[in-house]
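Let me begin by presenting the structure, written as structure tokens, before commenting on it.
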Amino acid sequence: MAKYGIEAFKDNKPVAYPIDAKETYGTLSFTGSEVRNKFIYIDDDGEVHEEQNAQNTWKAQDTGQPQDKYIMAYSSKTKDVMDIHVPLDFDSLEFDQEIELIGAVVTIGNSEKEQKVVTRNGEQIRSVDCKTFPVQVEGVNVKSSKTVSQPAQHQGKNEQSSKPKE
């Protein structure tokens with residue numbers, strides 16, 4: 001009999017496990033936002049590519065065009081800041097404004113992390129496979145008298161709570 005454990009899949013897609021965001025993260029307070037621009041990559045022949053090559057040797061060039069927007073929120077429970085991916089037109093918030101995650105679910109992902117390994121030849125840094133647990137949400141609700149709520153379809157990712165398991 002095959003063992004699937006947390007690698008459970010349904011219809012060839014990872015299973016999403018609902019979580020209680022308030023219980024998991026406590027109160028979330030807005031601490032800032034960041035817009036990340038789109039990059040293009042130029043090879044040695046001057047040809048432009050949308051993605052970096054596997055060797056990571058092509059020259060990255062910022063296009064100046066916004067690609068992603070993230071808001072940062074401090075969690076009273078985890079005592080850490082999490083990045084939440086929102087649409088580019090997401091309204092600005094005031095510092096320390098309380099937000100609430102709507103429809104939070106956790107999925108299981110495969111990733112790699114760098115780890116120091118001590119060998120007879122000294123220290124080496126190696127990439128090792130690990131599991132991550134990114135959080136996705138349907139929406140972000142802003143608790144304030146000024147702004148009632150933001151549109152749905154936001155995707156959040158908690159960088160710190162995505163603790164790798166080996």
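Can you list the HN-Hα couplings for segment 106-111, worked out from phi with the Karplus curve (6.51, -1.76, 1.60; θ = phi - 60°), rounded to whole Hz and with x for Gly and Pro?
So the J values, rounded to whole Hz, are 10, 10, 10, x, 9, 8.
Using label points projected 7 Å from each Cα along Cα→Cβ, tell me how many nm separate Asp129 and Glu112, to one decimal.
Result for the modelled spin labels: 1.2 nm.
What is the sum of charges, Lys and Arg at +1 and Asp and Glu at -1, for the other residues whose Cβ falls under 15 Å from the Cβ of Asp43?
Surrounding charge for Asp43 is -4.
Find out how many positive minus negative residues lie around Gly64, taking Lys and Arg as positive, Asp and Glu as negative, among other residues whose Cβ is under 13 Å from that of Gly64.
Within the 13 Å Cβ shell, the charges total +1.
Collect residues whose amide H, placed 1.01 Å from N in the peptide plane, falls under 5 Å from the amide H of Asp68; neighbours closer than 5 in sequence don't count.
Arg36
As an exercise, use a Förster radius of 22 Å and the Cβ-Cβ distance of Val35 and Asn56 to find the FRET efficiency, rounded to the nearest 0.05. Intermediate values should be presented prior to the final figure.
Values: r = 24 Å, r/R0 = 1.08.
Calculated value: 0.40.
Figure the gain on full extension for Lys77 and Asp20 (residue separation times 0.36 nm, minus the Cα-Cα span) and round it to one decimal in nm.
Result for the pair: 19.3 nm of gain on full extension.
Tally Lys and Arg at +1 and Asp and Glu at -1 over the other residues with C-beta under 15 Å from the C-beta of Glu123: what net charge comes out? All intermediate terms of the calculation are to be shown ahead of the outcome.
On the way: positive: Lys116, Arg120, Arg126; negative: Glu114.
My count for the surroundings of Glu123 gives +2.
Apply the Karplus curve 6.51 cos²θ - 1.76 cosθ + 1.60, θ = phi - 60°, to the phi angles in segment 127-139 and return the couplings in whole Hz, x for Gly and Pro.
8, 10, 6, 8, 9, 10, 10, x, 9, 10, 10, 7, x
In the structure displayed, which of Lys69/Lys113; Lys22/Lys143; Lys69/Lys143; Lys77/Lys143; Lys38/Lys59 lie more than 22 Å apart, Cα to Cα?
Lys69/Lys113
Readers should treat all values here as calculations from the given coordinates under stated rules, not as data from a laboratory. Just so it is clear, the structure is predicted and the values come from calculations on it, not from any experiment. Cβ sites come from the backbone with ideal geometry, for glycine too, and all protein chains shown count toward neighbours.
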